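See structure below.
What follows is calculated from the coordinates using simple rules that are stated; it is not laboratory data. None of these values were measured; they are calculated from a predicted model. Note: ideal-geometry Cβ built from the backbone for every residue, glycine included; neighbour counts use all protein chains shown.
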Amino acid sequence: MLDAFSRSVVTADASTSPVSDIASLKAFVASGNRRLDAVNAIASNASCMVSDAVAGMICENQGLIQAGGNCYPNRRMAACLRDAEIVLRYVTYALLAGDASVLDDRCLNGLKETYAALGVPATSTVRAVQIMKAQAAAHIKDQPSEALAGSKLRIMGSPVVDDRCASIVAEASSYFDRVISALS
C-alpha cells in the first residue's frame with residue numbers, strides 16, 4: 001500500500017531523480033483534517049450506506065431475492081452485504097492514503113473475474129456502488145437527504161463542509177468510479 005508520500009518517493013527513485021512534486025505533497029498535508037473528516041463521515045455511516053445500497057439495488061431488480069436470484073437465500077444476501085462493505089472500506093483506505101494502490105491491489109485485482117465465475121451480475125453490483133458513491137458524497141458534504149431520512153436524519157456537524165470539500169468529494173468519487181470501471 002502506498003500513500004501520497006510513498007508514491008512520490010517510488011516515482012522519483014524509478015527515474016533516479018529527487019522528489020519534485022513538493023507542492024502536491026504540501027497540498028496533501030493541508031487537506032489532512034478534511035480527509036480525516038471525510039473518512040469519518042463515511043465510516044460512521046458505513047453500515048447504513050451498505051444496507052441502503054444493497055436494498056436500492058434489490059428494489060430495482062426484484063429477481064435478485066427470488067429463488068435462484070443472486071441474493072437468495074440468506075447466505076448469498078449476507079455475502080452481498082459483506083462484499084459491499086469491503087468495497088466501501090477499501091475506498092476509505094484509498095481516500096485516507098490519497099492513493100488508489102491499496103484499492104487496486106487488495107480489492108479490485110481479479111474482482112471482475114471472481115464475480116463472473118460466481119455468476120454475480122455486474123450491472124447490479126455496479127448499481128450498488130453507484131448508490132454508495134452518491135451516499136458518500138452526501139455524507140462528506142454533510143448533506144444527507146431529509147426527505148429520505150425523516151426522523152432518523154443525522155447531521156455530523158463536521159468542519160469538512162466548505163468549498164474545499166469539493167476536491168475531497170471528487171477524489172472519493174474517483175475511487176468509486178475506479179470500482180465501477182473494474183466491474184464493468
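Things to note:
- Length-normalised contact order of the chain in % [C-alpha pairs under 8 Å, at least 6 apart]: 28
- Kirkwood hydrodynamic radius of the chain, from the reciprocal of the average inverse Cα-Cα distance over all distinct pairs: 17.6 Å.
- Peptides ranked, highest mean first, by Cβ atoms within 10 Å: ranges 130-141, 171-182: 130-141, 171-182
- In summary, the helical segments of the chain meeting the span-like criteria, namely a full DSSP H run, a Cα extent along the axis of 20 angstrom or more and a mean Kyte-Doolittle hydropathy of at least -0.5, are 46-60, 74-97, 122-140, 165-183.
- MRE, 222 nm, helices only [DSSP H, n ≥ 4, -39500 (n - 2.57), over the chain, to nearest 500]: -21000 deg cm²/dmol
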